[in-house]
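Shown next, in C-alpha coordinates, is the structure this report addresses.
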Ligand SMILES: [Zn+2]
(Lines give C-alpha, C1' and ligand atoms only; values in the text may rest on other atoms or scores of the structure.)
Protein backbone atom coordinates (compact mmCIF):
# COMPACT_ATOMS: atom_id res chain seq x y z
CA UNK A 1 0.00 0.00 0.00
CA UNK A 2 1.34 3.43 -0.92
CA UNK A 3 1.09 6.01 1.90
CA UNK A 4 -1.16 8.25 -0.23
CA UNK A 5 -3.65 5.38 -0.50
CA UNK A 6 -4.04 5.56 3.29
CA UNK A 7 -3.89 9.31 3.88
CA UNK A 8 -3.97 11.88 1.13
CA UNK A 9 -3.50 15.65 1.39
CA UNK A 10 -6.43 17.35 -0.38
CA UNK A 11 -7.60 20.99 -0.56
CA UNK A 12 -10.16 20.17 2.15
CA UNK A 13 -7.64 18.53 4.50
CA UNK A 14 -6.12 15.06 4.95
CA UNK A 15 -8.40 12.39 3.50
CA UNK A 16 -8.37 8.65 4.25
CA UNK A 17 -9.86 6.69 1.29
CA UNK A 18 -10.25 3.28 3.05
CA UNK A 19 -12.00 4.93 6.02
CA UNK A 20 -13.79 7.62 3.99
CA UNK A 21 -13.03 10.36 6.54
CA UNK A 22 -11.09 13.62 6.75
CA UNK A 23 -8.76 14.80 9.52
CA UNK A 24 -9.24 18.48 10.56
CA UNK A 25 -11.08 19.33 7.31
CA UNK A 26 -11.22 22.99 6.31
CA UNK A 27 -14.68 22.63 4.75
CA UNK A 28 -17.80 20.73 5.91
CA UNK A 29 -17.45 16.98 5.16
CA UNK A 30 -19.43 13.79 5.78
CA UNK A 31 -17.12 12.43 8.49
CA UNK A 32 -14.42 14.41 10.32
CA UNK A 33 -11.81 13.33 12.86
CA UNK A 34 -10.66 16.40 14.81
CA UNK A 35 -7.28 16.72 16.55
CA UNK A 36 -8.12 19.70 18.78
CA UNK A 37 -10.46 22.63 19.35
CA UNK A 38 -8.59 25.55 17.73
CA UNK A 39 -10.92 26.98 15.12
CA UNK A 40 -8.64 26.36 12.11
CA UNK A 41 -8.70 22.62 12.92
CA UNK A 42 -12.18 22.27 14.41
CA UNK A 43 -14.87 23.76 12.21
CA UNK A 44 -18.65 23.56 12.44
CA UNK A 45 -20.95 21.87 9.93
CA UNK A 46 -19.59 18.33 9.52
CA UNK A 47 -21.98 15.37 9.19
CA UNK A 48 -20.24 13.32 11.88
CA UNK A 49 -17.38 14.25 14.22
CA UNK A 50 -15.08 11.93 16.12
CA UNK A 51 -12.88 13.67 18.73
CA UNK A 52 -11.89 13.48 22.39
CA UNK A 53 -14.66 14.40 24.83
CA UNK A 54 -12.83 17.65 25.74
CA UNK A 55 -12.54 18.68 22.08
CA UNK A 56 -16.25 17.96 21.51
CA UNK A 57 -17.12 20.14 24.53
CA UNK A 58 -14.86 22.94 23.27
CA UNK A 59 -16.54 22.79 19.85
CA UNK A 60 -19.98 22.90 21.48
CA UNK A 61 -18.91 25.90 23.59
CA UNK A 62 -17.69 27.75 20.51
CA UNK A 63 -20.28 26.80 17.89
CA UNK A 64 -23.33 25.66 19.88
CA UNK A 65 -24.57 22.13 20.62
CA UNK A 66 -25.63 21.56 17.00
CA UNK A 67 -22.12 22.05 15.56
CA UNK A 68 -22.26 18.64 13.80
CA UNK A 69 -24.88 16.11 12.66
CA UNK A 70 -23.63 13.49 15.10
CA UNK A 71 -20.68 13.30 17.50
CA UNK A 72 -18.74 10.43 18.97
CA UNK A 73 -16.14 10.42 21.74
CA UNK A 74 -12.69 9.08 20.90
CA UNK A 75 -11.05 7.53 23.97
CA UNK A 76 -7.28 8.03 24.06
CA UNK A 77 -5.33 4.86 23.29
CA UNK A 78 -8.41 2.92 22.14
CA UNK A 79 -8.30 1.60 18.56
CA UNK A 80 -11.44 1.53 16.43
CA UNK A 81 -12.18 0.38 12.90
CA UNK A 82 -13.55 2.92 10.45
CA UNK A 83 -14.21 1.21 7.12
CA UNK A 84 -10.93 -0.36 6.05
CA UNK A 85 -8.78 1.72 8.42
CA UNK A 86 -7.92 1.45 12.11
CA UNK A 87 -7.77 4.68 14.07
CA UNK A 88 -6.29 5.55 17.49
CA UNK A 89 -6.09 8.92 19.29
CA UNK A 90 -3.01 9.77 21.44
CA UNK A 91 -2.27 12.92 23.54
CA UNK A 92 -0.54 15.77 21.68
CA UNK A 93 0.32 18.10 24.60
CA UNK A 94 -1.02 21.15 22.72
CA UNK A 95 -4.21 22.23 24.57
CA UNK A 96 -6.89 20.50 26.68
CA UNK A 97 -8.20 17.49 24.74
CA UNK A 98 -5.65 17.76 21.93
CA UNK A 99 -4.77 14.50 20.21
CA UNK A 100 -2.62 12.97 17.53
CA UNK A 101 -4.48 10.59 15.24
CA UNK A 102 -2.83 7.33 14.15
CA UNK A 103 -4.32 5.78 11.00
CA UNK A 104 -3.40 2.20 10.04
CA UNK A 105 -4.13 -0.30 7.28
CA UNK A 106 -2.22 -3.22 5.75
CA UNK A 107 0.65 -2.84 8.21
CA UNK A 108 1.21 0.85 7.38
CA UNK A 109 0.81 3.43 10.14
CA UNK A 110 0.60 7.20 9.62
CA UNK A 111 0.41 9.57 12.59
CA UNK A 112 -1.20 12.99 12.01
CA UNK A 113 0.00 14.89 15.05
CA UNK A 114 -2.05 18.06 14.51
CA UNK A 115 -0.44 20.79 16.64
CA UNK A 116 1.83 19.64 19.46
CA UNK A 117 4.49 20.61 21.97
CA UNK A 118 6.86 18.80 24.32
CA UNK A 119 7.14 21.36 27.14
CA UNK A 120 5.31 20.84 30.44
CA UNK A 121 1.75 22.19 30.46
CA UNK A 122 -0.37 21.80 33.62
CA UNK A 123 -3.58 22.12 31.57
CA UNK A 124 -3.26 19.08 29.28
CA UNK A 125 -1.82 15.59 28.95
CA UNK A 126 1.79 15.36 27.67
CA UNK A 127 2.62 14.38 24.07
CA UNK A 128 3.10 10.64 23.56
CA UNK A 129 5.62 9.58 20.87
CA UNK A 130 3.90 6.97 18.69
CA UNK A 131 6.08 4.71 16.50
CA UNK A 132 4.97 5.04 12.89
CA UNK A 133 6.01 4.76 9.25
CA UNK A 134 5.01 8.30 8.41
CA UNK A 135 4.91 11.15 10.93
CA UNK A 136 2.97 14.25 9.91
CA UNK A 137 4.34 17.22 11.81
CA UNK A 138 3.37 20.86 12.11
CA UNK A 139 6.04 23.49 11.36
CA UNK A 140 4.69 26.70 12.98
CA UNK A 141 8.05 27.50 14.63
CA UNK A 142 10.28 25.42 12.36
CA UNK A 143 13.25 27.74 12.11
CA UNK A 144 16.42 27.49 14.24
CA UNK A 145 15.74 31.04 15.55
CA UNK A 146 12.72 29.71 17.41
CA UNK A 147 13.98 28.30 20.68
CA UNK A 148 11.38 28.85 23.39
CA UNK A 149 12.77 29.57 26.88
CA UNK A 150 11.59 27.70 29.98
CA UNK A 151 7.85 28.42 30.48
CA UNK A 152 8.21 28.85 34.26
CA UNK A 153 10.87 31.54 33.74
CA UNK A 154 8.53 33.50 31.45
CA UNK A 155 5.71 33.43 34.02
CA UNK A 156 8.37 34.41 36.58
CA UNK A 157 8.93 37.62 34.56
CA UNK A 158 5.25 38.47 34.93
CA UNK A 159 5.36 37.81 38.70
CA UNK A 160 8.46 40.04 38.97
CA UNK A 161 6.79 42.84 37.01
CA UNK A 162 3.72 42.68 39.27
CA UNK A 163 5.99 43.16 42.28
CA UNK A 164 7.89 45.98 40.59
CA UNK A 165 4.79 47.90 39.42
CA UNK A 166 2.11 47.27 42.08
CA UNK A 167 0.07 50.29 40.93
CA UNK A 168 -0.19 49.22 37.27
CA UNK A 169 -2.64 46.74 35.77
CA UNK A 170 -0.97 43.91 33.83
CA UNK A 171 -2.90 43.14 30.65
CA UNK A 172 -1.87 39.72 29.38
CA UNK A 173 -2.79 39.06 25.76
CA UNK A 174 -3.34 35.31 25.46
CA UNK A 175 -5.21 33.16 22.98
CA UNK A 176 -8.60 32.23 24.48
CA UNK A 177 -8.27 28.44 24.09
CA UNK A 178 -5.25 26.94 25.81
CA UNK A 179 -2.87 29.84 26.31
CA UNK A 180 -5.15 31.85 28.64
CA UNK A 181 -5.79 28.87 30.91
CA UNK A 182 -2.13 27.82 30.86
CA UNK A 183 -1.00 31.33 31.93
CA UNK A 184 -3.56 31.36 34.77
CA UNK A 185 -2.70 27.85 35.97
CA UNK A 186 1.05 28.60 35.84
CA UNK A 187 0.54 31.83 37.83
CA UNK A 188 -1.27 29.75 40.48
CA UNK A 189 1.52 27.17 40.48
CA UNK A 190 4.00 29.99 41.17
CA UNK A 191 1.99 31.17 44.16
CA UNK A 192 -0.12 33.99 42.66
CA UNK A 193 -3.40 33.83 44.59
CA UNK A 194 -5.18 37.14 43.82
CA UNK A 195 -8.32 37.28 41.73
CA UNK A 196 -7.48 37.17 37.99
CA UNK A 197 -9.73 39.27 35.74
CA UNK A 198 -11.02 38.00 32.39
CA UNK A 199 -12.06 39.72 29.19
CA UNK A 200 -15.59 38.57 28.32
CA UNK A 201 -14.37 36.35 25.47
CA UNK A 202 -12.28 34.27 27.91
CA UNK A 203 -14.95 33.31 30.40
CA UNK A 204 -16.70 30.42 28.69
CA UNK A 205 -13.54 28.40 27.97
CA UNK A 206 -12.07 29.10 31.42
CA UNK A 207 -15.26 27.70 32.99
CA UNK A 208 -15.02 24.69 30.67
CA UNK A 209 -11.42 24.02 31.76
CA UNK A 210 -12.50 24.24 35.41
CA UNK A 211 -15.37 21.80 34.76
CA UNK A 212 -12.76 19.44 33.25
CA UNK A 213 -10.74 19.55 36.47
CA UNK A 214 -8.20 22.30 35.71
CA UNK A 215 -8.53 24.54 38.79
CA UNK A 216 -7.91 28.20 37.89
CA UNK A 217 -8.50 29.87 41.29
CA UNK A 218 -10.47 33.09 41.81
CA UNK A 219 -11.65 34.61 38.50
CA UNK A 220 -13.81 37.68 37.87
CA UNK A 221 -15.00 39.61 34.81
CA UNK A 222 -12.81 42.59 33.86
CA UNK A 223 -15.67 45.08 33.85
CA UNK A 224 -15.20 48.57 35.18
CA UNK A 225 -18.90 49.36 35.33
CA UNK A 226 -19.13 48.05 38.86
CA UNK A 227 -15.98 49.65 40.25
CA UNK A 228 -13.35 52.35 39.90
CA UNK A 229 -10.32 52.27 37.61
CA UNK A 230 -8.10 51.96 40.67
CA UNK A 231 -9.66 48.62 41.51
CA UNK A 232 -7.43 47.07 38.87
CA UNK A 233 -4.17 48.49 40.27
CA UNK A 234 -1.68 45.67 40.35
CA UNK A 235 -4.21 43.23 38.90
CA UNK A 236 -3.71 40.62 36.18
CA UNK A 237 -6.23 40.93 33.35
CA UNK A 238 -6.30 38.22 30.64
CA UNK A 239 -7.58 39.37 27.25
CA UNK A 240 -7.30 38.56 23.54
CA UNK A 241 -3.94 39.67 22.08
CA UNK A 242 -5.78 42.09 19.78
CA UNK A 243 -7.04 44.10 22.78
CA UNK A 244 -3.80 44.92 24.60
CA UNK A 245 -3.04 48.06 22.57
CA UNK A 246 -6.65 49.06 21.86
CA UNK A 247 -9.23 51.39 23.40
CA UNK A 248 -10.43 48.61 25.67
CA UNK A 249 -7.03 48.63 27.42
CA UNK A 250 -7.30 52.31 28.40
CA UNK A 251 -9.88 51.63 31.08
CA UNK A 252 -7.15 50.10 33.24
CA UNK A 253 -4.63 52.08 35.33
CA UNK A 254 -1.35 52.66 33.42
CA UNK A 255 -1.52 49.17 31.89
CA UNK A 256 1.55 47.01 31.24
CA UNK A 257 0.87 45.35 27.88
CA UNK A 258 2.03 41.71 28.01
CA UNK A 259 1.65 39.11 25.27
CA UNK A 260 2.14 35.37 25.83
CA UNK A 261 3.15 33.87 22.49
CA UNK A 262 5.92 31.99 20.73
CA UNK A 263 6.10 34.94 18.32
CA UNK A 264 7.44 37.11 21.15
CA UNK A 265 10.83 35.54 20.40
CA UNK A 266 10.91 38.09 17.56
CA UNK A 267 11.63 41.39 19.34
CA UNK A 268 10.53 43.60 16.46
CA UNK A 269 7.16 41.84 16.43
CA UNK A 270 6.70 42.55 20.14
CA UNK A 271 7.63 46.20 19.60
CA UNK A 272 5.32 46.62 16.62
CA UNK A 273 2.36 45.27 18.56
CA UNK A 274 2.97 47.69 21.42
CA UNK A 275 4.01 44.98 23.87
CA UNK A 276 5.94 46.19 26.92
CA UNK A 277 6.44 42.78 28.50
CA UNK A 278 6.76 39.95 25.94
CA UNK A 279 6.30 36.47 27.41
CA UNK A 280 7.69 33.76 25.15
CA UNK A 281 5.19 31.04 25.94
CA UNK A 282 4.09 28.77 23.11
CA UNK A 283 1.70 25.85 22.72
CA UNK A 284 3.65 24.74 19.63
CA UNK A 285 6.93 22.82 19.49
CA UNK A 286 10.00 24.99 18.90
CA UNK A 287 12.85 24.05 16.53
CA UNK A 288 14.56 21.80 19.11
CA UNK A 289 11.31 20.07 20.07
CA UNK A 290 10.40 19.45 16.41
CA UNK A 291 13.78 17.98 15.48
CA UNK A 292 14.10 15.98 18.73
CA UNK A 293 10.61 14.54 18.20
CA UNK A 294 11.38 13.44 14.64
CA UNK A 295 14.67 11.90 15.79
CA UNK A 296 12.93 10.12 18.66
CA UNK A 297 10.10 8.68 16.56
CA UNK A 298 12.48 7.97 13.65
CA UNK A 299 9.77 7.39 11.03
CA UNK A 300 10.56 6.15 7.53
CA UNK A 301 9.17 9.42 6.19
CA UNK A 302 8.14 12.84 7.50
CA UNK A 303 5.35 14.96 6.03
CA UNK A 304 5.58 18.60 7.03
CA UNK A 305 2.58 20.91 7.14
CA UNK A 306 1.41 24.38 8.20
CA UNK A 307 4.29 26.72 8.85
CA UNK A 308 7.92 26.86 7.78
CA UNK A 309 7.79 23.62 5.85
CA UNK A 310 10.93 23.98 3.75
CA UNK A 311 13.33 24.49 6.68
CA UNK A 312 12.13 21.37 8.47
CA UNK A 313 12.10 19.30 5.27
CA UNK A 314 15.71 20.35 4.72
CA UNK A 315 16.69 19.38 8.28
CA UNK A 316 15.06 15.97 7.77
CA UNK A 317 16.89 15.38 4.51
CA UNK A 318 20.23 16.38 6.03
CA UNK A 319 19.59 14.02 8.93
CA UNK A 320 18.63 10.99 6.88
CA UNK A 321 14.82 11.19 7.00
CA UNK A 322 12.84 11.21 3.77
CA UNK A 323 10.56 14.24 3.96
CA UNK A 324 8.16 16.35 1.94
CA UNK A 325 6.03 19.47 2.45
CA UNK A 326 2.27 18.99 2.18
CA UNK A 327 1.45 22.58 1.15
CA UNK A 328 -1.99 22.39 2.72
CA UNK A 329 -3.94 25.61 3.04
CA UNK A 330 -6.49 26.86 5.53
CA UNK A 331 -4.49 26.56 8.75
CA UNK A 332 -3.66 29.80 10.57
CA UNK A 333 -0.26 30.38 12.11
CA UNK A 334 -1.68 32.75 14.72
CA UNK A 335 -4.29 30.33 15.97
CA UNK A 336 -3.33 29.49 19.56
CA UNK A 337 0.34 30.21 18.97
ZN1 LIG B 1 -3.73 24.53 17.58
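The values are calculated or read from the model by the stated rules, or taken from the named source; none is laboratory data. Note that the structure is a prediction, hence the values are computed from the model and not measured. Positions of Cβ are generated from backbone atoms using ideal geometry, with glycine treated the same way; all protein chains shown enter the neighbour counts.
Quick one: is residue 156 exposed (fewer than 14 other Cβ atoms within 10 Å of the Cβ), more than 16 Å from the ligand (Cβ to nearest atom) and either assigned to a strand (DSSP E or B) or touching a residue at least 12 places away in the same chain (Cβ under 8 Å) (or both)? Judged against the criteria, residue 156 is not a match. Each residue in region 131-142 was checked for being under 19 Å from the mean Cα position of the chain (by Cα) and either farther than 10 Å from residue 302 by Cα or in a loop (DSSP other than H, G, I, E, B) (or both), and 5 pass. Scanning region 118-133 for residues that are over 29 Å from residue 184 (Cβ atoms), surrounded by fewer than 22 Cβ atoms within 10 Å (Cβ to Cβ) and touching a strand residue (DSSP E or B) at 6+ places or on another chain (Cβ under 7 Å) yields a count of 2. When the test is whether a residue is within 16 Å of the ligand (Cβ to nearest atom), over 24 Å from residue 2 (Cβ atoms), part of a loop (DSSP other than H, G, I, E, B) and touching a residue at least 24 places away in the same chain (Cβ under 8 Å), residue 123 passes it. Looking only at region 205-217, filter to residues that are surrounded by fewer than 15 Cβ atoms within 10 Å (Cβ to Cβ) and under 25 Å from residue 251 (Cβ atoms); which one of those is farthest from the ligand (Cβ to nearest atom)? Top of the filtered list is 217. In this structure, residue 22 does not satisfy being within 16 Å of the ligand (Cβ to nearest atom) and either modelled with pLDDT under 95 or out of contact with any helix residue (DSSP H, G or I) (no Cβ under 6 Å at 6 or more places or on another chain) (or both). Looking across region 175-204, the residues that are farther than 19 Å from residue 250 by Cβ, outside any helix (DSSP H, G or I) and within 20 Å of the chain's Cα centre (by Cα) come down to 175, 176, 177, 178.
For residue 171, indicate whether it is assigned to a loop (DSSP other than H, G, I, E, B), buried (at least 22 other Cβ atoms within 10 Å of the Cβ) and modelled with pLDDT of 95 or more. The answer is no for residue 171. On the stretch given as region 154-174, residues that are farther than 23 Å from residue 251 by Cα and under 20 Å from the mean Cα position of the chain (by Cα) total 2.
Counting only residues that are touching a strand residue (DSSP E or B) at 6+ places or on another chain (Cβ under 9 Å) and within 16 Å of the ligand (Cβ to nearest atom), which one in region 96-111 is farthest from residue 4 (Cα to Cα)? This residue is 97. Of the strands (runs of 3 or more DSSP E) that lie entirely inside region 258-337, those containing 2 or more residues that are under 22 Å from the mean Cα position of the chain (by Cα) and within 16 Å of the ligand (Cβ to nearest atom) span 301-307.
Against the list (1) farther than 18 Å from residue 7 by Cα; (2) free of Cβ contacts under 8 Å to residues at least 12 places away in the same chain, the condition residue 81 fails is (1). Residues in region 68-95 that are away from the ligand (no atom under 16 Å from the Cβ) and touching a helix residue (DSSP H, G or I) at 6+ places or on another chain (Cβ under 9 Å): 68, 71, 72, 73, 74, 75, 85.
Of the numbered criteria (1) modelled with pLDDT under 90; (2) farther than 30 Å from residue 201 by Cα, the one residue 316 fails is (1). Taken over region 250-278, residues that are more than 24 Å from residue 150 (Cβ to Cβ) and surrounded by fewer than 18 Cβ atoms within 10 Å (Cβ to Cβ) amount to 6. When you look at residue 162, is it at pLDDT 95 or above and in contact with a helix residue (DSSP H, G or I) (Cβ under 6 Å, 6 or more places away or on another chain), yes or no? So residue 162 fails the test. Checking each residue of region 41-48 against the condition of being touching a residue at least 40 places away in the same chain (Cβ under 8 Å), within 16 Å of the ligand (Cβ to nearest atom), part of a loop (DSSP other than H, G, I, E, B) and in contact with a helix residue (DSSP H, G or I) (Cβ under 6 Å, 6 or more places away or on another chain) gives no match.
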